Amino acid sequence: MHRYVIIVLLLSTVFFAGCAPSPYFQREEPVPQNAWQYQYQPTFKFEVSDTTVLYNLYFLIRHTDVYPYSNIWLWVYSKTPGDTAFNKTRLEIPLAEPSGKWLGRGMGEIWEQRMPITGTNSMSFHKKGKYEIRFEQNMRVNPLPEVLHVGLRVEKAGGRNFDKPRK
């Protein structure tokens with residue numbers, strides 16, 4: 001069974017990588033024992049050098065088809081260059097339709113999703129430097145079972161609309 005899961009994960013990674021545009025940054029972390037404990041808080045650091053473009057941020061999750069919930073609640077901690085403290089935001093990520101059908105892409109028993117953290121709007125980074133994003137699961141159950149990997153994806157979305165000078 002363990003060998004089957006590894007093969008499916010490798011094939012799904014190759015498959016999903018071929019279907020999406022190249023990210024500016026992407027990293028996923030395995031969840032220990034496939035059970036997300038409150039104290040396990042994966043952190044993702046990425047460098048921003050271009051403050052003239054917009055970015056889309058995505059939460060990545062890979063779970064099994066027996067994950068017992070239709071969503072996941074997260075604490076999202078973010079820190080900008082030069083800051084010493086994190087900003088904290090609570091976020092709900094839907095994982096299934098009301099009918100129970102999983103969102104995202106599935107291969108066998110494994111489901112993978114890429115859900116926007118920034119909503120439908122792209123965001124801008126106002127400072128150059130290293131940004132840090134940390135995720136903490138905030139469900140009522142600890143540990144949260146059947147979560148295999150979590151991650152962060154950052155994509156460039158295009159140029160910003162700067163106000164034109166008035167004549």
Task: FRET efficiency estimate (nearest 0.05) - Cβ-Cβ, residue 128 to residue 97, R0 25 angstrom - done: 0.05
Open item on the list: Relative contact order of segment 2-159, please, whole-number percent, based on alpha carbon pairs below 8 angstrom and at least 6 residues apart.
Closed with: 45 percent
Task: Sorted by Cβ neighbour density within 10 Å, fewest at the top, the residues 149, 126 - done: 126, 149
Task: Filtered chymotrypsin sites (Phe, Trp or Tyr not before Pro), segment 78-167: DSSP coil and at most 13 other beta carbons within 10 Å - done: 162
- [ ] For residue 127, go through the aspartates and glutamates and keep the ones whose alpha-carbon is under 12 Å away, minus same-chain ones fewer than eight residues off.
- [x] 47, 50, 83
- [ ] State, to one decimal in nm, how far the label point of residue 86 lies from the label point of residue 120, with both points 7 Å from Cα in the Cβ direction.
- [x] 3.0 nm
Open item on the list: Along the Cα→Cβ direction, 7 angstrom out, place labels at residue 50 and residue 71. What is the inter-label distance in nm?
Closed with: 3.5 nm
Task: For residue 27, residues with placed amide H under 5 Å, excluding near neighbours - done: 152
Open item on the list: I'd like the trypsin sites (Lys or Arg not before Pro) in segment 63-108 restricted to DSSP loop residues with at most 13 other Cβ atoms within 10 Å, sorted by number.
Closed with: 101
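No value in this document is a laboratory result; all are computed from the given coordinates. What you see is a predicted model; the values in this text were computed from it and never measured. Here Cβ is always computed from backbone atoms with ideal geometry, including for glycine, and neighbour counts include all displayed protein chains.
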